[in-house]
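Inspection log for the structure reproduced underneath, given as structure tokens.
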């Protein structure tokens, strides 16, 4: 079963930090849809900024968004123009009729090779620039495995690889990947690279060891 489910949702009851943190009795569905739309919008707007995680914390009259990125300067912009523009666009799109006060914090990820979302985005951007997918995947594996925190990595890439007429799937792996073991911290991400031949799907799994060791 561990091979067929999202490893993050499969370990949600054990994970110390959720991507959305709030409680609601009446507006649960509306808040959930808002969170999904806001998170997708931020990832599209900051597609080249290496966004790893978007955490949303709600209170009664306040909405905090923490964006973890490997390129914080690109997100903030000159004099904070980038983050101010992002805040105004989110308010205009989702809180045009008035809503909570919005605060956006930018957090820097110093080890992007240990975050599945950043690794997948890096591979996807290389494929979009017409770099050979095998080379991109192998370089990503070498960089990730050079970090002591990473115990294993798996990359699956599917679509019309190299412009082939028939779509196929290839998998690259190094190290351990115990997907059925719940006490292992498995990071997972999907990225869709848009090419002239169609969309190339990239899935990345990263094993960062035992959850108990990370919490310490």
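The values are calculated or read from the model by the stated rules, or taken from the named source; none is laboratory data. What you see is a predicted model, and the numbers here were worked out from it, not measured in a lab. For neighbour counting, all protein chains shown are included, and Cβ atoms are generated from backbone atoms with ideal geometry for every residue, glycine included.
The single condition among (1) at pLDDT 85 or above; (2) in a loop (DSSP other than H, G, I, E, B); (3) under 19 Å from the mean Cα position of the chain (by Cα) that residue 23 does not satisfy is (3). Kindly establish whether residue 54 is under 13 Å from the mean Cα position of the chain (by Cα) and in the same structural domain as residue 89 (by TED's automatic domain parsing). Answer is yes for this residue. Looking across the range 158-171, just one residue is buried (at least 16 other Cβ atoms within 10 Å of the Cβ) and touching a helix residue (DSSP H, G or I) at 6+ places or on another chain (Cβ under 7 Å), and that is 161. Could you check how many residues of the range 145-197 are closer than 13 Å to residue 123 by Cβ and not in a strand (DSSP E or B)? Selection size over the range 145-197: 1. Residues that are touching a residue at least 40 places away in the same chain (Cβ under 8 Å), under 23 Å from residue 118 (Cα atoms), outside the structural domain of residue 124 (by TED's automatic domain parsing) and touching a strand residue (DSSP E or B) at 6+ places or on another chain (Cβ under 8 Å) do not occur anywhere in the range 21-34.
A single entry from 155, 186 fulfils the requirement of being at pLDDT 90 or above, surrounded by 14 or more Cβ atoms within 10 Å (Cβ to Cβ), within 18 Å of residue 6 (Cβ to Cβ) and in the same structural domain as residue 116 (by TED's automatic domain parsing): 155. Of the residues in the range 50-71, not one is in a helix (DSSP H, G or I), crowded, with 16+ Cβ neighbours inside 10 Å and modelled with pLDDT under 90.
For the range 147-157, the candidate set comprises residues that are in contact with a helix residue (DSSP H, G or I) (Cβ under 7 Å, 6 or more places away or on another chain) and free of Cβ contacts under 8 Å to residues at least 60 places away in the same chain; within that set, the residue that is nearest to residue 201 (Cα to Cα) is 157. Scanning the range 76-121 for residues that are farther than 15 Å from residue 38 by Cβ, in contact with a helix residue (DSSP H, G or I) (Cβ under 6 Å, 6 or more places away or on another chain), touching a residue at least 12 places away in the same chain (Cβ under 8 Å) and assigned to a helix (DSSP H, G or I) yields 76, 112, 113, 118, 119. Note on the range 75-130: residues that are under 30 Å from residue 141 (Cβ atoms) and either in contact with a strand residue (DSSP E or B) (Cβ under 7 Å, 6 or more places away or on another chain) or surrounded by 12 or more Cβ atoms within 10 Å (Cβ to Cβ) (or both) total 23.
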